[in-house]
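Let me begin by presenting the structure, written as structure tokens, before commenting on it.
Since every read-out is calculated from the coordinates, none of them should be taken as a lab result. Note that the structure is predicted; figures quoted are calculated from it, not measured. Here the Cβ positions follow ideal geometry from the backbone for every residue, glycine too, while neighbour counts run over all protein chains shown.
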Amino acid sequence: MLEELPGIGPITKFHLAKNIGLADVAKPDIWLERAAKLCRAASVKQLTTYLTEAIGESHHILDVAIWHYGVDGLLSGKDNKALERTRRKQVPLSAGLDVIDDEPPRP
């Protein structure tokens with residue numbers, strides 16, 4: 001039914017259905033497909049159904065969580081973009097101590 005709408009294809013129908021509350025589904029996009037493969041699940045649906053039963057979260061919530069995990073580069077150890085971003089942003093702990101020091105600055 002949703003695929004009859006202009007611009008809605010076989011994958012996008014899942015995205016639309018979950019976002020408008022029509023169904024509790026996970027969109028089988030590249031990130032969820034990769035997660036399913038890494039977990040040796042036959043499909044995204046099998047993976048999210050297993051997780052839904054194991055931890056009690058909806059397919060929709062699992063979709064979003066796994067998607068973020070994938071987008072942040074955490075589905076593989078290679079080219080972990082999220083970890084690289086974190087490393088670049090790290091500032092030595094002592095860098096901001098003068099800002100939070102209780103004593104007023106000395107002239």
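Charged neighbours of residue 26, selected by a Cβ distance under 10 Å, balance to 0 (K, R count +1; D, E count -1).
Phi angles of the stretch 45-51 translate, via the Karplus equation with coefficients 6.51, -1.76, 1.60 and θ = phi - 60°, into HN-Hα couplings of 4, 4, 5, 6, 5, 4, 5 Hz per residue; Gly and Pro are given as x.
With R₀ set to 30 Å, the beta-carbon distance separating residue 57 from residue 20 gives a calculated FRET efficiency near 0.95.
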